[in-house]
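The values are calculated or read from the model by the stated rules, or taken from the named source; none is laboratory data. Since the model is a prediction, treat every value here as computed from it, not as a measurement. Cβ sites come from the backbone with ideal geometry, for glycine too, and all protein chains shown count toward neighbours.
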Amino acid sequence: MNNKSMSDSPIFCTDGQQCRLETKLSYLTAEIEQLTNLVSTDTLTGLSNYRHFTQIVNQEVERSSRTGQPTSLIIIDVDHFKKVNDSWGHEVGNSALRLIASSIVKSIRQLDVACRYGGEEFVVIFPSTNTLTSIHVAERIRAAIERTPLVIHLDATDDTIEYFLTVSIGVSSSRGKFDRDDWHKLVERADNKLYEAKLNGRNQVCYSKVETEQQQMSEDEKSALFDVFDNK
């Protein structure tokens, strides 16, 4: 984030001492904002970091238990990521992670919270969103990543190749006021489904059938849903 200058936030006052105090306060406020962003942002991808994730998911699950509105969560893991690092080096691996992060951000709404969970894992929190809706968005993310090439520059020949990444995704949702579990349980359920996706061949979205039994979505509702995400 760029530092604010006096020209960015002009302060007009007649009392010299008061003006200096207000100017100093403006700069201190900007500094606090910058520091807050630094401690809550993953520097490689620009997404929220694990620390910020734990704060937000705890708030959302607590809110969900009060209001009865579900909170959904997905965990995304890059398939065969070690192959990327081993074949082309860690800089290409970093480019792959940035590509994944970009694809996630383009596929979700502004109110959703995308975070780097650690290593090649990402997580997205969907406030006030049920399981079925989050499944459709998870599939949207999976498909977007699958069709977006990672362009790799080969130093030895000065050529480029396109490598297509895939991801496995696990989905879970809180159960509103009936859910007395904390956020760790929500993450654990999504992580279990992620493991299931890996075991079943990767490049897929896995979720609990029980959580979707009461949720049905017509074709019109699906279309309306994706219109929301397209125009986020």
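Below are the figures for this structure:
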quantity: Any hit, segment 121-136, residues being surrounded by fewer than 14 Cβ atoms within 10 Å (Cβ to Cβ) and of a type in the set (Val, Ile, Thr); calculated: no
quantity: Boolean, Glu211 is modelled with pLDDT of 95 or more and assigned to a helix (DSSP H, G or I); calculated: no
quantity: Positions within segment 70-98 being of a type in the set (A, V, I, L, M, F, W, C) and within 19 Å of Thr43 (Cα to Cα), in sequence order; calculated: Ile76, Val78, Val92, Ala96, Leu97
quantity: Any hit, segment 27-44, residues being surrounded by 14 or more Cβ atoms within 10 Å (Cβ to Cβ), in contact with a helix residue (DSSP H, G or I) (Cβ under 7 Å, 6 or more places away or on another chain), closer than 24 Å to Val171 by Cβ and at pLDDT 95 or above; calculated: no
quantity: Filter result for Cys13 (among the hydrophobic types (A, V, I, L, M, F, W, C), in a helix (DSSP H, G or I) and modelled with pLDDT under 95); calculated: no
quantity: Helices (runs of 4 or more DSSP H) fully within segment 38-152 counting 3 or more residues that are farther than 25 Å from Gly201 by Cβ and out of contact with any Phe, Trp or Tyr (no Cβ under 8 Å at 6 or more places or on another chain); calculated: 50-67, 90-107
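Conditions tested, residue by residue: (1) of a type in the set (Lys, Arg); (2) in contact with a helix residue (DSSP H, G or I) (Cβ under 9 Å, 6 or more places away or on another chain); (3) crowded, with 21+ Cβ neighbours inside 10 Å; (4) in contact (Cβ under 8 Å) with a residue 40 or more places away in the chain.
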site	(1), (2), (3), (4)
Asn58	no, yes, no, yes
Thr71	no, yes, yes, yes
Ile74	no, yes, yes, yes
Val78	no, yes, yes, yes
Asn85	no, yes, no, no
